[in-house]
1. Normalised by the number of residues in region 22-121, what is the relative contact order in percent for Cα pairs under 8 Å and 6+ residues apart?
2. Suppose accessible area is computed on protein heavy atoms with a 1.4 Å probe; arrange M75, M44 from highest to lowest.
3. Pop out the carbon and sulfur fraction of the accessible area of region 30-93 as a percent, whole number, probe 1.4 Å.
4. Quick one: of K81/K121; K78/K121; K31/K78; K40/K81, which pairs are farther than 27 Å apart, Cα to Cα?
5. Starting from the 7 Å offset along Cα-to-Cβ, what nm value, one decimal, do you get for the label separation of V54 and V101?
6. First obtain the Kirkwood hydrodynamic radius of region 74-130 from its Cα pairs, then insert it into the Stokes-Einstein equation at 4 °C and 1.567 mPa s, and state the resulting D in µm² per second as a whole number.
7. Evaluate region 15-80: find the radius of gyration of its Cα atoms, find its Kirkwood radius, and give the ratio Rg to Rh.
8. Starting from 0 in steps of 10 Å, tell me what percent of the Cα-Cα pairs of region 53-105 lands in each bin.
Amino acid sequence: MKKLQLTLIVLCLASGTLMAQEAQVTSLMSKDLTDIPGNKEGLMIMVEYPPNGVDPIHRHNAHGFIYVLEGSIVMQVKGGKEVTLTPGQTFYEGPDDVHVVGRNASNTKPAKFLVVFVKDKGAPVLVPEK
């Protein structure tokens with residue numbers, strides 16, 4: 001029984017460590033863009049990377065405008081150059097881009113950035129890629 005309890009504790013701690021590396025996403029606002037043809041919406045989110053935080057490879061099927069608020073982040077879309085961004089710098093992802101690198105540049109400090117998407121209304125914000 002003690003071995004089972006120890007195993008469960010280790011698994012909980014390990015999964016907590018893994019989860020701590022994921023980005024925290026906060027939805028700030030969304031707005032139907034009725035004057036833009038194609039049933040579009042604007043979505044604003046804030047993303048916070050913990051130290052060593054990383055995103056999986058994904059796409060947005062949207063226009064994404066990124067503005068770094070705090071810390072330093074590394075971004076790259078497929079076919080593009082990897083860039084390191086600091087507060088006040090920006091990055092753009094197009095609807096056909098695959099986001100192959102998205103991570104905190106720091107092992108010790110968090111990073112925070114704002115993202116504004118223009119996308120089809122009701123479409124998912126993030127689509128995992130392989």
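The values are calculated or read from the model by the stated rules, or taken from the named source; none is laboratory data. Bear in mind that the values here come from a model prediction, so they are computed numbers and not experimental data. Quick reminder, even Gly has a Cβ in these numbers, built from the backbone with ideal geometry, and neighbours come from all protein chains shown. Protein only, heavy atoms only, side chains kept; ligands, DNA and RNA dropped before computing areas. Shrake-Rupley method; radii C 1.70, N 1.55, O 1.52, S 1.80 Å.
1. On the way: 275 pairs, mean separation 37.1, N = 100.
Rounded, it is 37 percent for region 22-121.
2. On the way: M75 0, M44 55 Å².
Highest to lowest solvent-accessible surface, that is M44, M75.
3. On the way: 1930 of 3510 Å².
Carbon with sulfur: 55 percent of the solvent-accessible area.
4. Values: K81/K121 30 Å; K78/K121 25 Å; K31/K78 29 Å; K40/K81 29 Å.
Checking Cα-Cα distances, K81/K121; K31/K78; K40/K81 exceed 27 Å.
5. My value for the distance between the label points is 1.2 nm.
6. Details: Rh = 13.0 Å.
Taking Rh from Cα pairs, D becomes 99 µm²/s.
7. Working: Rg = 14.6 Å, Rh = 14.3 Å.
Rg/Rh: 1.02.
8. Going out from 0 Å in 10 Å bins, region 53-105 shows 27, 59, 14 percent.
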